[in-house]
C-alpha cells in the first residue's frame, strides 16, 4: 500500500468529516457494548475459574484396605485424575468435629464411623461436569473404593452458567460484527455516492476497483480503530467507576484488549472490501 | 488498431448504430462527423467499453468487445487517452494532481517518476504555470488543455476526443485543435467525434459521416459538411460569427500566436516532443500502461 493511498484516505476524511464522525460514533456505540460484555465475560470466567479451582472429588475407601493397596490406588489416582490427598478416619473425624458445635452429640458416638478417603484436586481438563462424572464412574470401579462424591448438581450449574455467558458473548459479538458491517456499508455507500462523479472519472481513466477502493478501505479501518480505542476507554472508565464498589472487578488483560482492536479492524477491512466491491459494481461500467 | 465489424447498438427501442463497419490503422487520424444523437458518442463509448454492442464486434488493439471483465476493461482504458467535451476533471485536485492521477492509475507513484512526466505533459499543453490551480480557477480552454495533458501523460498510442471543442469559444477551440493535431503528428492515432464541420476540416484526416446511426465514409472535405454546422442559437458558448469562422487555419502549437489571452502559457518554451510509444506490456492484473497491441487478455 503506497503512501499515495493514505493521502487519498486523508483527503476523503477531510472532504466528508460529517459522515466520518457519524460512522465513528455509531461504531463506538456498537464496540462499547461489545467491550462491556467482554469485560463482564472476563470477570465471570475468572470467578468460575476460582470456583473451579475449589472443585474436588472425594473418594471413600472401603474398610480394611491395606497400606500397600492404598499406595497403588494413590499412584493410579495421581496418574489419571489429579493430586490426591489422603485423609485418615481420624483426620476426618477431627474435621467433622470442628464443624459440629454440639459437643454432647459428638460424645454420644462411641466409635469413629467415618471412612478413610482421598480428596482429589482434579486435573484442569477434568473440571467439567461430564468429565467429572466419567472420572467418578471409573474410580468407583477400583476394588479399594467404596463411593465417590463430587457435588454433581453444583458442578452442573456452574458449567451451565459458564456456557450461558460464553453463548451470550458470542451472540453479542455476532451482533456487533453485523453492526460494523451495516454501519460501514452505509457510510461507504454514502461517501462513494457523494463522490460518484469523481469515481466515474477514475473508472473511465482506467482505474481498477482496487485503486479506487483502497483509500475508502483505509478510511474504514482508521475509523474502526478509533472507535475500538474509544470503546475500550469507555469500558475501562466504567470499570473504574463500578470497581469502586466491586473490588474484585478486573479489566481485560492487555492481550485481549489488543485482540479486540485487531479483530474489530479485521472485520472492518472485510466489510469495507465487500461493500465497495458491491457499490462499485452498481456505479458503473 | 480499431475495427468495427457490423456493429449495431440499440438502447431499448432506439437504434443508435446500425450495422456500422469501419477500421482505423495505427497512427491514423479520423474524424467522426455527425449531428447530435447521430451515434458518435455511442461509437466512442463502445471503444472504451463503457457500453457493449447489441451485435457485431468492436476491436481496439487486441481487446475485443463481448467478454472483457472489469480488470481488462480498466487495462484497455489505460491504453487510450480520452478527451471529453466537459473535461471530466477532478474538482478537488490541482492541475498537476489531475494529470498525475493518470500516472498513479497506471501504477506510477514515485515522485521521481511522476513529476517529470507531468511537467512535460503540462509544458506540452502550455499549462505548467497553472500547475497549482484548481480546475475551477481555469478558463474552459485551460481546462480542456489540462484534460489533454492527462490524456497524453501516459503516452497512449490512441487519443479519443469526444467533441473536444464543444464547450469552448472559437479562439480556445483553435488552440485545442492545434494541440490535438500536434500530438497526432508526434505519432498518436487520433479519433475525434464532432458535430462541427469546421472542426472536421481543421483536423483533416479521414472523415466518417454518421447520420441516424448509419455510416458514410468520405475522404477530404465533405460536400455535406455544412449540414452539421450548429445553428447560431445552439447554446454553444460564443458561436462563431456567421457560423463559418474558419478554424482550418489552425497551426501547430509551436507556431501558434502567443498573444492568445486565454492561453498565457502557450508561448512557454515547449521541450522537444517525446515520441509517442506504447509502454512495456504488463499482465492484466498489474497496474501499468500496457501495450495496446500485445495484451493477450482482451482477445476472445
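Nothing in this text is a laboratory measurement; each read-out follows from the coordinates by a stated rule. Note that the structure is predicted; figures quoted are calculated from it, not measured. Quick reminder, even Gly has a Cβ in these numbers, built from the backbone with ideal geometry, and neighbours come from all protein chains shown.
So here's what we get for this one:
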read-out	value
Separation of the residue B:91 and residue A:178 label points, Cα + 7 Å toward Cβ, nm	3.9
Label-point gap, in nm, between residue B:54 and residue A:98 - each point 7 angstrom along Cα→Cβ	9.8
Cα long-axis angle, helix A:67-80 against chain A (0 to 90 degrees, to the nearest 10)	10
Relative contact order [Cα under 8 Å, 6+ residues apart], segment A:213-285, whole percent	54
Least to most buried among A:10, A:170, A:254 (fewest other Cβ within 10 Å first)	A:254, A:170, A:10
Residues A:58, A:139, A:100, B:152, sorted so that the one with the fewest Cβ neighbours within 10 Å comes first	A:100, A:58, A:139, B:152
Among A:155, A:265, A:87: highest mean-square fluctuation, GNM of chain A, C-alpha pairs under 10 Å	A:87
Separation in nanometres of the label points that stand 7 Å from Cα toward Cβ, at residue A:149 and residue A:85	1.6
Cα-based shape type of segment B:99-194, given that a ≥ b ≥ c are square roots of the gyration tensor eigenvalues and the cut on a/c is 1.5	oblate
Three-way shape call for segment B:157-215 based on the alpha-carbon gyration tensor, with the a/c threshold at 1.5	oblate
Chain A: angle of helix A:17-53 to the longest principal axis, Cα-based, in degrees nearest 10	10
Protection-proxy order for peptides B:34-40, A:226-232, B:95-101, each taking the mean of Cβ atoms within 10 Å per residue, highest first	B:95-101, A:226-232, B:34-40
Nearest 10 degrees, 0 to 90: helix A:254-283 Cα axis against chain A principal axis	40
Cα centroid of segment A:182-254 to Cα centroid of segment A:115-133, whole Å	47
Normalised alpha carbon radius of gyration of chain A [divisor 2.2 N^0.38 Å]	1.62
Which of A:245, A:156 has the fewest Cβ neighbours within 10 Å, and the rest in rising order	A:245, A:156
Over chain A: helical MRE at 222 nm, DSSP H runs n ≥ 4 each giving -39500 (n - 2.57), nearest 500	-25500 deg cm²/dmol
Kirkwood hydrodynamic radius of segment A:174-278, from inverse mean 1/r over distinct Cα pairs, in Å	15.6
Computed E for residue A:105/residue A:248 - FRET, C-beta separation, R0 35 angstrom, nearest 0.05	0.40
Radius, Kirkwood style, for segment A:15-123 when every pair of distinct Cα atoms is counted (Å)	19.0
Distance between segment B:116-154 and segment A:4-71 - C-alpha centres, whole angstrom	57
